[in-house]
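**Student:** Before I ask anything, here is the structure I am working with.
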Amino acid sequence: MKNTINYLGHEFEFDFDYQPAERRTHDYPGIDEEFTIYNITLNGIDATDLLDRQMDDFEEQIVNQLKDN
């Protein structure tokens, strides 16, 4: 899934998959929430290395944005 986020004043595009957590039941072990970013671009250029030290904060901003929508 492709989306955009304004981060540090710049519009980044990213591809991601999100799997919400599923509760454990008697017949099903459940699964944890999983969020995977496949690529990050800024103006069509790979920005993964640019955000290397800030990736945790970047991912947190994305998850918050997704939960707000």
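**Student:** Filter region 18-38 down to residues that are modelled with pLDDT of 90 or more and either in contact with a strand residue (DSSP E or B) (Cβ under 6 Å, 6 or more places away or on another chain) or not charged (D, E, K, R) (or both) and give me whichever is farthest from residue 7 (Cα to Cα). Let's see the steps before the verdict.
**Tutor:** From region 18-38, those modelled with pLDDT of 90 or more are 21-32; that's our starting set.
Cutting the leftovers down to either in contact with a strand residue (DSSP E or B) (Cβ under 6 Å, 6 or more places away or on another chain) or not charged (D, E, K, R) (or both) gives us 21-22, 25-26, 28-31.
Details: 21: 26, 22: 29, 25: 38, 26: 42, 28: 38, 29: 36, 30: 33, 31: 30 Å.
My answer is 26.
**Student:** Have a look at 48, 36 and point out the one that is surrounded by fewer than 12 Cβ atoms within 10 Å (Cβ to Cβ) and of a type in the set (Ser, Thr, Tyr). Please lay out each step first, then the result.
**Tutor:** Values: 48 fails: surrounded by fewer than 12 Cβ atoms within 10 Å (Cβ to Cβ).
When all the criteria are applied, what remains is 36.
**Student:** Kindly list, by first and then second residue, each pair from a residue in region 14-29 that is within 18 Å of residue 67 (Cα to Cα) to a residue that is of a type in the set (Ser, Thr, Tyr) and surrounded by 10 or more Cβ atoms within 10 Å (Cβ to Cβ), limited to pairs with Cβ atoms under 6 Å and residues at least 6 apart or on different chains.
**Tutor:** If the second residue must be of a type in the set (Ser, Thr, Tyr) and surrounded by 10 or more Cβ atoms within 10 Å (Cβ to Cβ), the pairs left are 15/38; 17/36.
**Student:** Determine whether region 51-66 contains at least one residue that is basic (Lys, Arg), at pLDDT 90 or above and loosely packed, with under 15 Cβ neighbours inside 10 Å. Let's see the steps before the verdict.
**Tutor:** First pass over region 51-66, keeping only residues basic (Lys, Arg): 53.
When the remaining residues are screened for being at pLDDT 90 or above, the result is 53.
Okay, now just the ones that are also loosely packed, with under 15 Cβ neighbours inside 10 Å, so 53.
Yes, region 51-66 contains at least one residue that is basic (Lys, Arg), at pLDDT 90 or above and loosely packed, with under 15 Cβ neighbours inside 10 Å.
The values are calculated or read from the model by the stated rules, or taken from the named source; none is laboratory data. What you see is a predicted model, and the numbers here were worked out from it, not measured in a lab. Reconstructed Cβ throughout: ideal geometry from the backbone, glycine too, with neighbour counts over all protein chains shown.
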